[in-house]
Amino acid sequence: GQSLEQPSEVTAVEGAIVQINCTYQTSGFYGLSWYQQHDGGAPTFLSYNALDGLEETGRFSSFLSRSDSYGYLLLQELQMKDSASYFCAVKGFQKLVFGTGTRLLVSP
Amino acid sequence: EAGVAQSPRYKIIEKRQSVAFWCNPISGHATLYWYQQILGQGPKLLIQFQNNGVVDDSQLPKDRFSAERLKGVDSTLKIQPAKLEDSAVYLCASSPDRAREKLFFGSGTQLSVL
């Protein structure tokens with residue numbers, strides 16, 4: 001089976017940097033994805049790490065350590081529009097399993 | 001490029017009634033998924049299709065839920081009979097063959113069972 005752990009909520013102010021952690025346990029691992037979901041909206045893909053290290057996409061970066069079964073999403077220069085839920089998801093052999101999500105609240 | 005289309009957007013039914021959801025994936029995406037998302041939780045995979053075939057339906061409550069994907073394109077998910085605990089958002093997603101970790105989601109169907 002697979003299980004993922006994320007903090008339930010994180011708060012930060014505009015312009016700050018925030019890190020959302022994800023630890024996982026899985027019997028088969030191919031990579032770790034991150035998705036953003038605004039209230040009432042659909043999840044949208046942010047990033048994917050198949051190998052150890054940091055992947056950067058604009059203001060967002062994602063990191064993976066396979067040996068530690070750990071990854072994180074780093075959001076820089078936070079904006080109000082970044083207030084949303086963020087899900088890590090483990091890619092197994094056939095399917096993608098989502099974590100419970102971290103709610104990010106960005107204040108002015 | 002058109003996104004994943006789902007209908008209806010909202011549905012309210014009484015328990016023990018039946019309901020069906022429809023999904024049209026992005027053109028060319030062979031893999032189609034149905035996820036259930038209960039408020040405050042992450043999406044939970046119900047069923048995954050690769051073209052016409054079922055790849056994974058291990059978490060589909062088969063006594064009441066059914067899904068089909070005829071001709072490898074559109075898909076329908078049915079619940080019969082519905083229970084109160086089926087109240088959730090039902091999300092359809094599709095992914096390209098070369099990037100199955102990158103799911104494109106539809107807007108979802110919000111189901112309320114009273």
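The values are calculated or read from the model by the stated rules, or taken from the named source; none is laboratory data. Just so it is clear, the model here is predicted, and its values are computed rather than measured. Quick reminder, even Gly has a Cβ in these numbers, built from the backbone with ideal geometry, and neighbours come from all protein chains shown.
Return the pairs, sorted by first residue and then second, in which the second residue is assigned to a helix (DSSP H, G or I) and crowded, with 18+ Cβ neighbours inside 10 Å, the first residue lies in the range B:66-91 and is at pLDDT below 95, the beta carbons are less than 9 Å apart, and the residues are 6+ apart or on different chains.
none
Give A:Gly71, A:Gly101 a once-over and let me know the one that is within 12 Å of chain B (Cβ to nearest Cβ) and either among the basic types (Lys, Arg) or buried (at least 18 other Cβ atoms within 10 Å of the Cβ) (or both).
Details: A:Gly71 fails: within 12 Å of chain B (Cβ to nearest Cβ).
Result: A:Gly101 is the single residue among A:Gly71, A:Gly101 that is within 12 Å of chain B (Cβ to nearest Cβ) and either among the basic types (Lys, Arg) or buried (at least 18 other Cβ atoms within 10 Å of the Cβ) (or both).
Please give the number of the condition A:Ala42 fails out of (1) within 26 Å of B:Asp57 (Cα to Cα); (2) surrounded by fewer than 21 Cβ atoms within 10 Å (Cβ to Cβ); (3) not polar (S, T, N, Q).
In the conditions (1) within 26 Å of B:Asp57 (Cα to Cα); (2) surrounded by fewer than 21 Cβ atoms within 10 Å (Cβ to Cβ); (3) not polar (S, T, N, Q), A:Ala42 misses (2) alone.
Could you please give the count of residues in the range B:16-45 that are at pLDDT below 95 and more than 14 Å from chain A (Cβ to nearest Cβ)?
2
Looking at (1) out of contact with any Asp or Glu (no Cβ under 8 Å at 6 or more places or on another chain); (2) within 14 Å of another protein chain (Cβ to nearest Cβ); (3) in a strand (DSSP E or B); (4) free of Cβ contacts under 8 Å to residues at least 60 places away in the same chain, find the lone condition where A:Leu54 falls short.
It is condition (2) that A:Leu54 fails.
If a residue has to be outside any loop (DSSP other than H, G, I, E, B) and surrounded by 15 or more Cβ atoms within 10 Å (Cβ to Cβ) to count, how many in the range B:60-71 make the cut?
Filtering the range B:60-71 down to residues outside any loop (DSSP other than H, G, I, E, B) leaves B:65-68, B:70-71.
Remaining after also requiring surrounded by 15 or more Cβ atoms within 10 Å (Cβ to Cβ): B:65-67.
Residues flagged as outside any loop (DSSP other than H, G, I, E, B) and surrounded by 15 or more Cβ atoms within 10 Å (Cβ to Cβ) within the range B:60-71 amount to 3.
Just to be sure before I move on: is A:Phe29 in a loop (DSSP other than H, G, I, E, B), surrounded by 13 or more Cβ atoms within 10 Å (Cβ to Cβ), modelled with pLDDT under 95 and of a type in the set (Phe, Trp, Tyr) in the structure I sent? Quick ask: steps written out before the conclusion?
On the way: in a loop (DSSP other than H, G, I, E, B): yes; surrounded by 13 or more Cβ atoms within 10 Å (Cβ to Cβ): yes; modelled with pLDDT under 95: yes; of a type in the set (Phe, Trp, Tyr): yes.
The answer is yes for A:Phe29.
Which residues, taken from the range A:1-21, are within 11 Å of another protein chain (Cβ to nearest Cβ), surrounded by 12 or more Cβ atoms within 10 Å (Cβ to Cβ) and within 12 Å of A:Tyr86 (Cα to Cα)?
A:Gln6
Suppose the filter is buried (at least 17 other Cβ atoms within 10 Å of the Cβ), more than 12 Å from chain B (Cβ to nearest Cβ) and within 13 Å of A:Gly71 (Cα to Cα); does A:Tyr24 pass it? So that I can check it myself, show each step before the final result.
Details: buried (at least 17 other Cβ atoms within 10 Å of the Cβ): yes; more than 12 Å from chain B (Cβ to nearest Cβ): yes; within 13 Å of A:Gly71 (Cα to Cα): yes.
Yes.
Among the residues of the range A:1-22, write down those that are in a strand (DSSP E or B) and more than 16 Å from A:Leu54 (Cα to Cα).
Step one: of the range A:1-22, the residues in a strand (DSSP E or B) are A:2-5, A:9-13, A:18-22.
Residues satisfying the conditions are A:Gln2, A:Ser3, A:Leu4, A:Glu5, A:Glu9, A:Val10, A:Thr11, A:Ala12, A:Val13.
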